[in-house]
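A short worksheet on the structure shown next.
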Amino acid sequence: MSALEPLLEFLSIPSVSTDPTHKEDVRKAALWLAERLKERGFYTELHETSLHPILYAERLLDEGAPTVLVYGHYDVQPPDPLELWESPPFSPTLRDGRVYARGASDDKGQLWAHVAALEGLSARVNVKFLVEGEEEIGSPNLLPFVRAHREKLRADVVLISDGAMFAPHTPTLTYGLRGLCYLEVRLKGARRDLHSGAFGGVAPNPIQALGWILARLKDEETGRVLIPGFYDRVRPVSEEERRLWPPLDEALLKGELGVEALPGEEGYTPLERLWARPTLDPNGIWGGYQGEGSKTVIPAEAGMKLSMRLVPDQDPEEVASQVEAYLREICPPGYTLEVLRLHGGKPVLTDPHSPPMRLMAEALEEVWGRPPVYAREGGTIPVVAELQEVLGAPIVLLGLGLPDDNLHAPNEKFDLVNLEKGIAVLRRFYGLLAGAR
C-alpha cells in the first residue's frame, strides 16, 4: 500500500507532548507533516506556542468550491509501561494486517488517511488542515488559536477522524462526544514523613484520609456519583435518539475486557453509561513507601488524579467547582487539601442528519457495502466543541480506529484495512461534496 511507508515513518517519531524531553520530537513531527502536505500542493504555516506548534495548511483551488477543514493531532501518549509492548512503541511493526506503534490509531494513522486521500484527487474541493501537538494534554493553546483565527479556519464542513468504529467492518458515524474534567487532588498531613511506631496513633495519615474520601465519591450500591449538583445539567436521551444506536453485545464486551460484570450507574444500559451518562474515575493514586521490602512510615502527603467524563449540558469548570467544594466538605480534620485543575473539555452533540453527514453516510455505504451505524463516543476531543461554537459549520466525526486499538495502552494498533477503506471513503466523500454544489 503506497500510503503505508510514509505512515511508518510518521509513527517512528516519538512525539510525546506531555514529556518535556520529547519537545524536539514533537516539533519534528509537525515539520514532517508540513513537508508531506507541501508535496501535495499545500501552503503551510507553523504557528509557535508556549508549548508545541500548531500546523495550519490550505490548498484552495476554487473560490466557489466547498471548503473542508480537517482537524487532527500529531502528538501521542507516553508509551509506558514499556515492558508490556511486544515490539518497541516507536519502531512500527506489521503483524496480521495491522501496524503496531504508539500513535498508530490515536491519531497519526487516522490523520494520515486524510493526507493520503488527497493524492491525485480530482474533485474541486478546497481543503484546510488544522493539526495540533497538544491534544493529549488538553489543547491549551489550540482553543485560543481557533478563536483568534476564525476567518482563516472558516469552512463549509469540519472533518475529524480521531475515534473508533463501533465494531470491525462496521462503518460508523459519530455524532456525540463526552467532555472531560480532570483534577489532581493532594492531601498533606504532618510537615514530614513520620516513623509509624513513634507517631502512629496521633499523626494524620493522608493515605487513610484519601481512602475515606474516595469511598464517599460514589454510592457503592447504585454507582451514582455523590457530589451535590453533579447530575443537575445532564440532558436525558430521547427515544428517537436511542433508536439510532446499534445493539451492544455485552458478552463480547465482557470478553474483550476480561471481566465477568460491567459495573456502573444503576438503571442504565452499558451503552447509555458509555455514551450518555457522566462518570467519575480515579486514574492514579500515590502516597507512602513504594519500594521493595518494608518501611514503617506515615507519609506527609498522598494524592490522586480524578477524571470525570461529562455529557450535554454539563460544563467542566462548573463540575470542577462542585467537586472541589465537596472534597473540602468531606475532608477529615487535620489535613490540608489542594485541588489542581489540569485540563478539561466540553461535551459535544452534532446533527446526525446534516447534509455533510448524509454525504459521508453515502460514501461509507459505497465503500464498505453496508450503511453506517450512528454512535456517540465516550472519549473527549477538546477542540470539537470550540470549532462547533466558533465556526458554526457542520461537523463530521469519522472514526477509523477500532475499540480494541489499545489507545493510551501498550501495543496500540491500527488495522490496515481501515486505513485503505478510510482513504477510499474520504476520496468518495470529496467527490460527492463537489457534486453537491
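Assigned to a strand (DSSP E or B), in contact (Cβ under 8 Å) with a residue 24 or more places away in the chain and under 20 Å from the mean Cα position of the chain (by Cα): does that describe V396?
Values: assigned to a strand (DSSP E or B): yes; in contact (Cβ under 8 Å) with a residue 24 or more places away in the chain: yes; under 20 Å from the mean Cα position of the chain (by Cα): yes.
Spelling it out, V396 is indeed assigned to a strand (DSSP E or B), in contact (Cβ under 8 Å) with a residue 24 or more places away in the chain and under 20 Å from the mean Cα position of the chain (by Cα).
Being closer than 24 Å to A164 by Cα and in contact with a Phe, Trp or Tyr (Cβ under 6 Å, 6 or more places away or on another chain) narrows it down to one residue among P246, P270, P263; which is it? I'd like the intermediate steps shown before the answer.
Details: P270 fails: in contact with a Phe, Trp or Tyr (Cβ under 6 Å, 6 or more places away or on another chain); P263 fails: in contact with a Phe, Trp or Tyr (Cβ under 6 Å, 6 or more places away or on another chain).
That would be P246, the only listed residue that is closer than 24 Å to A164 by Cα and in contact with a Phe, Trp or Tyr (Cβ under 6 Å, 6 or more places away or on another chain).
Within the bounds of the range 101-116, is there any residue that is over 15 Å from I13 (Cα atoms), in contact (Cβ under 8 Å) with a residue 60 or more places away in the chain and over 21 Å from the mean Cα position of the chain (by Cα)?
First, the residues of the range 101-116 that are over 15 Å from I13 (Cα atoms): 110, 113-116.
Next, from what is left, pick out any that are in contact (Cβ under 8 Å) with a residue 60 or more places away in the chain: 110, 113-116.
Right, trim to over 21 Å from the mean Cα position of the chain (by Cα) and you get 116.
Within the range 101-116 (the criterion being over 15 Å from I13 (Cα atoms), in contact (Cβ under 8 Å) with a residue 60 or more places away in the chain and over 21 Å from the mean Cα position of the chain (by Cα)), the answer is yes, since at least one residue qualifies.
Taking E338, is it surrounded by fewer than 19 Cβ atoms within 10 Å (Cβ to Cβ), over 14 Å from V185 (Cα atoms) and not basic (K, R)? Before you say what the answer is, go through the steps one by one.
Working: surrounded by fewer than 19 Cβ atoms within 10 Å (Cβ to Cβ): yes; over 14 Å from V185 (Cα atoms): no; not basic (K, R): yes.
So E338 fails the test.
Go through (1) at pLDDT below 95; (2) open to solvent by less than 10 Å² (accessible area, probe 1.4 Å) and name the single condition G72 misses.
Answer for G72: the failing condition is (1).
Taking interchain pairs and intrachain pairs at least six residues apart, which have beta carbon atoms under 9 angstrom, with the first residue in the range 354-374 and part of a helix (DSSP H, G or I) and the second of a type in the set (D, E)?
Between residues of the range 354-374 that are part of a helix (DSSP H, G or I) and residues that are of a type in the set (D, E), the close pairs are P356/D156; M357/D351.
So which residues in the range 17-50 are over 24 Å from A117 (Cα atoms), over 21 Å from the mean Cα position of the chain (by Cα) and open to solvent by 80 Å² or more (accessible area, probe 1.4 Å), if there are any at all?
T21, E24, E48, S50
Taking the range 211-242 as the search range and keeping residues that are assigned to a helix (DSSP H, G or I) and modelled with pLDDT of 95 or more, which one is most open to solvent (accessible area, probe 1.4 Å)?
At the first step, the residues of the range 211-242 found to be assigned to a helix (DSSP H, G or I) are 211-215, 239-242.
So of that shortlist, the ones also modelled with pLDDT of 95 or more come out as 211-215.
Working: G211: 37, W212: 131, I213: 1, L214: 50, A215: 75 Å².
Checked the range 211-242; the qualifying residue most open to solvent (accessible area, probe 1.4 Å) is W212.
Counting residues that are touching a helix residue (DSSP H, G or I) at 6+ places or on another chain (Cβ under 7 Å) and open to solvent by 50 Å² or more (accessible area, probe 1.4 Å), which strands (runs of 3 or more DSSP E) fully inside the range 137-210 reach at least 1? Give the derivation first.
Working: elements: 157-160, 172-177, 179-188.
Strands (runs of 3 or more DSSP E) meeting the threshold: 179-188.
Could you grab me the full set of residues in the range 281-306 that are touching a Phe, Trp or Tyr at 6+ places or on another chain (Cβ under 8 Å) and either open to solvent by less than 40 Å² (accessible area, probe 1.4 Å) or among the acidic types (D, E) (or both)?
V297, I298, P299, A302, G303, M304, L306
Between residues in the range 299-313 that are among the basic types (K, R) and residues that are in a strand (DSSP E or B) and open to solvent by less than 10 Å² (accessible area, probe 1.4 Å), which pairs lie under 8 Å by C-beta distance while being six or more apart or on different chains?
Matching pairs, first to second residue: K305/L183; K305/V185; R309/G179.
Could you list, in sequence order, the residues of the range 243-264 that are surrounded by fewer than 13 Cβ atoms within 10 Å (Cβ to Cβ) and in contact (Cβ under 8 Å) with a residue 12 or more places away in the chain?
First, pick out the residues of the range 243-264 that are surrounded by fewer than 13 Cβ atoms within 10 Å (Cβ to Cβ): 243, 247, 249, 251-252, 255-261, 263.
Within the range 243-264, E256, P263 qualify.
Tell me which residues, restricted to the range 1-11, are surrounded by fewer than 16 Cβ atoms within 10 Å (Cβ to Cβ) and outside any helix (DSSP H, G or I).
Within the range 1-11, M1, S2 meet the criteria.
Step by step: first the residues of the range 254-285, then only those that are within 25 Å of G303 (Cβ to Cβ) and outside any loop (DSSP other than H, G, I, E, B), then the one that is farthest from the chain's Cα centre (by Cα). Which residue is that? Steps first, please.
So the first thing to find is which residues in the range 254-285 are within 25 Å of G303 (Cβ to Cβ), and the list is 263, 278-285.
Remaining after also requiring outside any loop (DSSP other than H, G, I, E, B): 281-285.
Working: D281: 16, P282: 17, N283: 15, G284: 18, I285: 22 Å.
Step by step, filter the range 254-285, then rank; the result is I285.
Go through the residues of the range 380-395 one by one and say whether even a single one is over 30 Å from P144 (Cβ atoms) and at pLDDT 95 or above.
So the first thing to find is which residues in the range 380-395 are over 30 Å from P144 (Cβ atoms), and the list is none.
Checked against the condition, which is being over 30 Å from P144 (Cβ atoms) and at pLDDT 95 or above, the range 380-395 yields no hits at all.
Can you tell me which residue in the range 313-331 is nearest to the chain's Cα centre (by Cα), limited to those that are loosely packed, with under 13 Cβ neighbours inside 10 Å and over 17 Å from Y231 (Cα atoms)?
Taking the candidates together, the pick is R328.
The values are calculated or read from the model by the stated rules, or taken from the named source; none is laboratory data. For clarity, every value in this text was computed on a predicted model and none was experimentally measured. For neighbour counting, all protein chains shown are included, and Cβ atoms are generated from backbone atoms with ideal geometry for every residue, glycine included. Ligands, DNA and RNA are excluded from the accessible area calculation, which covers all protein heavy atoms including side chains. Shrake-Rupley method; radii C 1.70, N 1.55, O 1.52, S 1.80 Å.
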